[in-house]
Amino acid sequence: MKSAHLNYNPLFPSVGDLKKRAKKRIPKFAFDYLEGGCNDEINLGKNEKDFHQITLMPQYLKKYIGVDTSIKLFDHVYDAPFGVSPIGLQGLMWPNAPEILAKAAVAHNIPFILSTVSTSSIEHIADVTDGRFWFQLYHPAKSAMCDDILDRLEAVNCPVLVVLVDVPSFGFRYREIKVGLSMPPKMNINNIFQAALRPGWSFETLRNGIPEFATLKKYMDKKLDMSQLGQFMNNSFDKRVDADRIAAIRDRWKGKLVLKGIVSSHDIEKAIALGADGVIVSNHGGRQIDACESSIRSLINLSENYSEKMTMMLDGGIRSGPDVARALACGAKFTFMGRPFMYGVSALGKSGGIHTISMFKAQFKQAMEQLCCATPNELPGTLISTKS
């Protein structure tokens, strides 16, 4: 595929601009689902704020040899060290959001991760990406369903399986409770009113149909009432993923295996012993527990002992190109972002994916130029401090 152009809409040069635009374009219940964290959202705030404590140092008198932002990860050279995180119910925020982002990711040669509970199917995303996508697995309660999902992934040559390990229980999210958000969203009077205030979103949603869990549709009883979808999810998926379950998947899966949600030395030691190819350090975007540390703080604590033993990636709190540089300076091999890309699609529709990736590429390249780093691998040498 042809390389995407690096220009982007000058009216929206930052994630903050996209977020403001997205809030005006989609209903409040959809924005709250995307934006919210658990409990008092303390960890949600720390994910971003802790990046501000990381300072880097340029070396201006180095000989300039140009900047190459590409990086090799799992036998593939990507154009930049960031990718699109998995997000559930993406079609709730904007119709066809998974397809929009997947196409943009392939055009820009960065990874896109499809969630088990996304609104596009494995087969559809495989078709629009020529198989160049990763898949995040919520662990099924029944081995037959797990095996079938893995068979479907193997059939389309999906190269990387990401197993989610940080949802032993559902997060207690006040925003979703207040607006009555459920699976599927209940169209009560309040939500209908919110949708009416966003005619562009409402028109696109009506034109494309109510979002559904496309990958899981195969496993649902055809007589299933949509009001029973939450019960189906509770009955069909194990919330807790232990070492034995990971071992069974490792034996079954021949591609690259990544564990997402790793934040402790105990778990990264287990990941190494189980033969995982990589881990994504993440606190689920601050959506699961308020009492823990930020994703970047977990990465900093783990990197000293494990950066040479395991491919460590980071998800959570990144809002700019300099944040990507900070994460790599602290020991991440690669980074992923969820909300920023959904802000982009919610704000700009079909052009939102290309715009947001282009924006991050430009910001990251400028940060590398300013730090006088020729490649991302030089960024750890610029780290001064991780404390305010």
Given Cys292, Cys373, which one is part of a loop (DSSP other than H, G, I, E, B) and within 21 Å of Thr69 (Cβ to Cβ)? Cys373
Reported set for the range 250-264 where residues are out of contact with any strand residue (DSSP E or B) (no Cβ under 8 Å at 6 or more places or on another chain) and either assigned to a strand (DSSP E or B) or under 14 Å from Tyr306 (Cβ atoms) (or both) is Ser264
Before we move on, is Arg326 at pLDDT 95 or above, under 21 Å from Lys49 (Cα atoms) and surrounded by fewer than 24 Cβ atoms within 10 Å (Cβ to Cβ)? no
Tell me, yes or no, whether the range 57-74 has at least one residue that is in contact (Cβ under 8 Å) with a residue 24 or more places away in the chain, among the basic types (Lys, Arg) and in a loop (DSSP other than H, G, I, E, B). yes
Among the residues of the range 56-71, write down those that are loosely packed, with under 11 Cβ neighbours inside 10 Å and not β-branched (Val, Ile, Thr). Tyr60, Leu61, Lys63, Tyr64, Gly66
Within the bounds of the range 299-313, is there any residue that is in contact (Cβ under 8 Å) with a residue 12 or more places away in the chain, in contact with a Ser or Thr (Cβ under 9 Å, 6 or more places away or on another chain) and assigned to a loop (DSSP other than H, G, I, E, B)? no
Kindly check whether there is at least one residue in the range 124-135 that is farther than 21 Å from Leu259 by Cβ and of a type in the set (Phe, Trp, Tyr). no
Residue check for Arg250: out of contact with any Asp or Glu (no Cβ under 7 Å at 6 or more places or on another chain), of a type in the set (Lys, Arg) and over 28 Å from Asp148 (Cα atoms): no
Could you please let me know if Asp130 is surrounded by fewer than 17 Cβ atoms within 10 Å (Cβ to Cβ) and within 20 Å of Gly353 (Cα to Cα)? yes
So, restricting to helices (runs of 4 or more DSSP H) that lie completely within the range 76-160, which ones have at least 1 residues that are modelled with pLDDT under 95? 90-93, 143-155
Identify, please: which residue in the range 288-302 is buried (at least 21 other Cβ atoms within 10 Å of the Cβ) and over 18 Å from Ser85 (Cβ atoms) and is, among those, nearest to the chain's Cα centre (by Cα)? Arg297
Of everything in the range 376-388, what is surrounded by 15 or more Cβ atoms within 10 Å (Cβ to Cβ), in contact (Cβ under 8 Å) with a residue 60 or more places away in the chain and outside any strand (DSSP E or B)? Give them in sequence order. Pro376, Leu379, Thr382, Thr386
Within the range 234-247, does at least one residue satisfy the condition of being in contact with a strand residue (DSSP E or B) (Cβ under 9 Å, 6 or more places away or on another chain), free of Cβ contacts under 8 Å to residues at least 40 places away in the same chain, of a type in the set (D, E, K, R) and part of a helix (DSSP H, G or I)? no
Among the residues of the range 250-270, write down those that are of a type in the set (D, E, K, R) and touching a residue at least 40 places away in the same chain (Cβ under 8 Å). Arg252, Lys254, Lys256, Lys260, Asp267
Taking the stated definitions as given, is Lys218 charged (D, E, K, R), at pLDDT below 90 and surrounded by fewer than 17 Cβ atoms within 10 Å (Cβ to Cβ)? no
If we ask which residues in the range 265-286 are assigned to a loop (DSSP other than H, G, I, E, B) and crowded, with 22+ Cβ neighbours inside 10 Å, their number turns out to be 2
Are any of the residues in the range 343-352 on the phi < 0 side of the Ramachandran plot, in contact with a Gly (Cβ under 7 Å, 6 or more places away or on another chain) and part of a strand (DSSP E or B)? no
Assess whether Leu328 counts as being in contact (Cβ under 8 Å) with a residue 24 or more places away in the chain, more than 18 Å from Asp79 (Cα to Cα) and either part of a helix (DSSP H, G or I) or not β-branched (Val, Ile, Thr) (or both). no
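The values are calculated or read from the model by the stated rules, or taken from the named source; none is laboratory data. Worth saying up front: this structure is predicted, and the values here are computed from it rather than measured. Note that each Cβ is placed from the backbone with ideal geometry, even for glycine, and that neighbours are counted across all protein chains shown.
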